[in-house]
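Below you'll find the structure, written out as structure tokens, and then a few comments.
The values are calculated or read from the model by the stated rules, or taken from the named source; none is laboratory data. As the structure is a prediction and not an experimental result, all values here were calculated from the model. Because the Cβ atoms are built from the backbone with ideal geometry, glycine has one as well, and the counts that use them run over all protein chains shown. These accessible areas exclude ligands, DNA and RNA; they are computed on the full protein's heavy atoms, side chains included. Shrake-Rupley method; radii C 1.70, N 1.55, O 1.52, S 1.80 Å.
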Amino acid sequence: MDNKEIELEFSIKSGAPEKQRSACVVVGVFDNRKLSEPAADIDRASDGYLSEILRGGDMDGKAGSTLLLHKVPKVLAERVLLVGLGKERDFHEKAYRDAISSAIKTLRDTGSMEAAITLSEIPVKKRDTAWNIEQAVISTHDTLYRFDHHKSKPNEVRRPLKRVIFSVSRRGELKQGDAGLARGLAIAHGINQAKDLGNTPSNICTPEYLAGEAKKLAKAHGFGCEILDYAACEKLGMGSFLSVGKGSDKPPRFIVLKHEGGAKNAKPVVLVGKAVTFDAGGISLKPPAEMDEMNYDMSGGGAVIGAFRAIGELGLKLNVVGLIPACENMPDAKANKPGDIVTSMSGQTIEILNTDAEGRLILCDALTYAERFEPDAVIDLATLTGACVIALGAHPSALYSNHDPLAREIEHAADHAWDRVWRMPLWDDYQEQLKSSLADMANIGGRPGGSITAACFLWRFAKKYHWAHLDIAGTAYKGGRDKGSTGRPVSLLVHWLINRAARP
Ligand code: BES
Ligand code: MN
Ligand code: ZN
């Protein structure tokens, strides 16, 4: 990664906010000018200075509002930043993350190089101190993330934020805070890596490039790493995977990553990530609008690499295998054509009715390949269908699973990571939509339930183990003018893996 990662120094402290010697102390104010506890401390220390300002109407505590004060009497910090938190009874996960983010944005824009942020002390229902700190760290990195090394003149931030202190309410909470910090940092680094890979345009981020990045990461963290080329995949019988890349001059790569942190004979979990480095649709060419966003079609693979970065940093005690089928889907004389029939590694044959339904064609062979690891569980991640975006929008990833306990584990991890999922039906009833008169199945099932029939297609290749599929088409990146990778669902994966490692 040629990215100059923003180097931020975090620490966790407890103590009176008015005695913080930091350049800027950040305190929260709820709607209707109700002071959070640290804000009330500063108010008392300064003989009601904050209350007076609030009475004057400069700030009302509405979510998203901020007010920067200089030289508050009897406060050691040079500046005090007030951040609006919205209504106290609506101060849930989203409001918390938004408050951290607006504090960080204001600190960045006002050239504060150092800050003590007390928003992390404010209770969020059902969440503990470790959660607050972890989310604060992730949200800070998310807010400061930039991807500008393809700009000839990157926006130089003259006084970048360098040191951030998050406070906890009591000394007894410091240990929890430090644990949240360690976890949050590893996840944030994993998210950054996934974002960088996603944001790198497809003329640079090719299957070969992804393989190189995986190798680099493997070297840095001691992972096993194997790159299978066309010939190796052909030997394995991956006729479905290989058919997709044929229309491109960028050769396909099948990336295998192995983290052996668990007991020697313990069965691994396997993460499979779709990595179509550009999805033009193939002969079933996509319309021009938004086609530029199809470099993000490798986000599943990017999330696997990002999750590996995090588990490498955490030294996770678990055996984890990452499988990333990487190729490009282009129209060409050699490309798949509608009506072609291919034979997958499983032996099942597929009639390709639409060459744009290519994700399932590459994933099915990866799912078959996963069998050789006798996995305890397999999760695949894929920007698989536009239908998923229509069904759920941009907030949850769609979750499908052939094993209820696994689905519940994932739902739990997703909630805790605040990287949410929504369970969808994986029912046999949908399978008939995939009927083909000439092959074992077709690769499309018509418009109704498009995300579901795609999952049902994959299910046919995941009969030998506990499996879940996440359709991340709506969550992995943002489109439009502010397009960019979100790094999802790295956080969810890392939480799930941590929970798995803690299992007796
Ligand atoms: N990569 C796309 C899915 C996608 C679409 C992701 C929009 C993000 C935003 C996938 O390969 C695809 O083209 N799916 C088709 C399937 C259809 C032909 C059955 C789709 O969703 O239109
Ligand atoms: Mn496609
Ligand atoms: Zn695709």
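Of the strands (runs of 3 or more DSSP E) entirely within segment 234-314, those holding at least 3 residues that are more than 16 Å from ligand 1 (Cβ to nearest atom) and within 22 Å of residue 490 (Cα to Cα) occupy 253-260, 269-273. Residues in segment 376-408 that are hydrophobic (A, V, I, L, M, F, W, C) and more than 16 Å from residue 451 (Cβ to Cβ): 377, 378, 379, 406. Criterion first (surrounded by 17 or more Cβ atoms within 10 Å (Cβ to Cβ), modelled with pLDDT of 95 or more and within 28 Å of residue 36 (Cα to Cα)) does residue 183 satisfy it? Against the criterion (surrounded by 17 or more Cβ atoms within 10 Å (Cβ to Cβ), modelled with pLDDT of 95 or more and within 28 Å of residue 36 (Cα to Cα)), residue 183 qualifies. Annotation note: Cβ proximity below 6 Å between a residue of segment 281-295 that is under 22 Å from residue 338 (Cβ atoms) and hydrophobic (A, V, I, L, M, F, W, C) and a residue that is within 12 Å of ligand 3 (Cβ to nearest atom) and open to solvent by less than 80 Å² (accessible area, probe 1.4 Å) (sequence gap 6+ or interchain) occurs for 283/355; 294/278; 294/279.
Any residue in segment 436-449 that is open to solvent by 10 Å² or more (accessible area, probe 1.4 Å), away from ligand 2 (no atom under 16 Å from the Cβ) and at pLDDT below 95? No, segment 436-449 contains no residue that is open to solvent by 10 Å² or more (accessible area, probe 1.4 Å), away from ligand 2 (no atom under 16 Å from the Cβ) and at pLDDT below 95. Checked against the criterion of being under 23 Å from the mean Cα position of the chain (by Cα) and among the small types (Gly, Ala, Ser), the candidates 116, 99 yield just one match: 99. There is no residue in segment 241-256 that is buried (at least 20 other Cβ atoms within 10 Å of the Cβ), under 30 Å from residue 317 (Cβ atoms) and within 12 Å of ligand 3 (Cβ to nearest atom). Taken over segment 475-498, the criterion of being open to solvent by 10 Å² or more (accessible area, probe 1.4 Å) and assigned to a loop (DSSP other than H, G, I, E, B) is satisfied by 479, 480, 481, 482, 483, 486, 488.
When 234, 213, 208, 226 are checked against the criterion of being in the same structural domain as residue 483 (by TED's automatic domain parsing), acidic (Asp, Glu) and open to solvent by less than 60 Å² (accessible area, probe 1.4 Å), 213 stands alone in meeting it. Here 413, 391, 407, 387 are screened, and the one residue that is away from ligand 3 (no atom under 16 Å from the Cβ), aliphatic (A, V, I, L, M), closer than 20 Å to residue 357 by Cα and in a helix (DSSP H, G or I) is 391.
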